[in-house]
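K.L.:
Take this structure, written in structure tokens, and hold onto it; I'll ask about it next.
Derivation of every value follows stated rules applied to the coordinates shown; laboratory data play no part. All values reported here derive from a predicted model rather than from experimental measurement. Here the Cβ positions follow ideal geometry from the backbone for every residue, glycine too, while neighbour counts run over all protein chains shown.
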Amino acid sequence: MTATTDGKPVPVVVPIRSLGPGHRERIAAHLLALDANDRYLRFGYTATDDQVRRYAESLDFDRDDVFGIYNRKLELIAVAHLAYSPDPRANRIAEFGVSVLAKARGRGFGNRLFERAVIHARNEGVDLLYIHALSENTAMLRIARNAGAELERLGSETEAYLRLPPATLDSRMSELLTEQVAQTDYRLKLQASQLRDFLSLMQETREGLRAARHRSGS
Ligand SMILES: CC(C)(COP(=O)(O)OP(=O)(O)OC[C@H]1O[C@@H](n2cnc3c(N)ncnc32)[C@H](O)[C@@H]1OP(=O)(O)O)[C@@H](O)C(=O)NCCC(=O)NCCS
């Protein structure tokens, strides 16, 4: 939150963009950066590097939806996966999974990704969102409970179900706008990063030339 001139906090817009096959490597890098405990919370088991890579490799972007938050350095700091059942009889149900890098937690990214996934799922005709979490996963269960999900604890695991209202013109417009803002934000970050690379290359070249001139005594 930031403060307005009248002192009231206003929500900060977090650019969340949808990710496709071109982001697969960055998704893998994001997941590989999670430590063993986070992988256990995310996948329900302590996924090895190979398992994480296989998961990223097997993401089906035609069927599922993946959303991400990039920081200024184009590091993927948060990823959400909205998975649809391959069974056409269950096409109105989707499962939500998410991870936020440890250094970026507690800033509302988990909540924002969940809201983004909810809007998208509604617009896709999904009416039941499912979340599987370990019962110890306070943050994830809080996100689900705050959204109004029903929680069913089964010992060390908890299942959460959120009923979604049908899409409206508002939910569709809101998603379109959110995606456009996020795409623009990404393009600007990409440009800034390319400019930084270019400037540092120029700097290196200048330093190299200076050193060569110094050595030749000219
Ligand atoms: C779960 C996870 C995605 C939350 O991400 P986050 O960006 O830190 O979450 P937010 O900042 O949006 O916080 C969400 C809610 O959890 C609460 N919360 C955050 N961290 C918490 C913690 N360590 N303990 C208790 N509550 C916590 C926040 O206060 C917030 O609740 P509020 O809206 O009522 O204030 C992140 O911890 C994570 O990636 N964990 C590892 C992977 C995982 O567990 N994935 C979920 C299973 S699919």
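K.L.:
Label points 7 Å out from Cα along the Cβ direction at SER156 and GLU204: separation in nm?
P.N.:
4.8 nm
K.L.:
According to the square roots a ≥ b ≥ c of the eigenvalues of the Cα gyration tensor, what is the shape class of region 19-73, taking rounded for a/c under 1.5, prolate for a/b larger than b/c otherwise, and oblate for the remainder?
P.N.:
Details: a/c = 1.89, a/b = 1.31, b/c = 1.44.
Note, shape of region 19-73 comes out oblate.
K.L.:
Within region 56-104, which trypsin sites (Lys or Arg not before Pro) sit in a loop by DSSP and count at most 13 neighbouring Cβ atoms inside 10 Å?
P.N.:
Answer by residue number: ARG63, ARG72, LYS73.
K.L.:
Something else: Decide, for region 98-218, between rounded, prolate and oblate: order the square roots of the alpha carbon gyration tensor eigenvalues as a ≥ b ≥ c, take rounded if a/c falls under 1.5, and otherwise choose prolate if a/b is larger than b/c, else oblate.
P.N.:
Verdict is oblate for region 98-218.
K.L.:
May I have the convex hull volume per residue, in Å³, for the Cα set of the chain?
P.N.:
Values: hull volume 39.8 nm³, N = 218.
In the chain, the Cα hull volume divided by residue count equals 182 Å³.
K.L.:
Something else about it: Quick one: grab the alpha carbon gyration tensor of region 115-177, order the square roots of its eigenvalues as a ≥ b ≥ c, and give me rounded if a/c is under 1.5, else prolate or oblate depending on whether a/b is larger than b/c. Show your work: numbers first, answer last.
P.N.:
On the way: a/c = 3.35, a/b = 2.38, b/c = 1.41.
Prolate is the answer for region 115-177, as a/c is 1.5 or above and a/b outweighs b/c.
K.L.:
For labels at LEU190 and TYR45 in the simple 7 Å Cα→Cβ model, what's the distance in nm?
P.N.:
Spacing of the two 7 Å Cα→Cβ label points: 3.6 nm.
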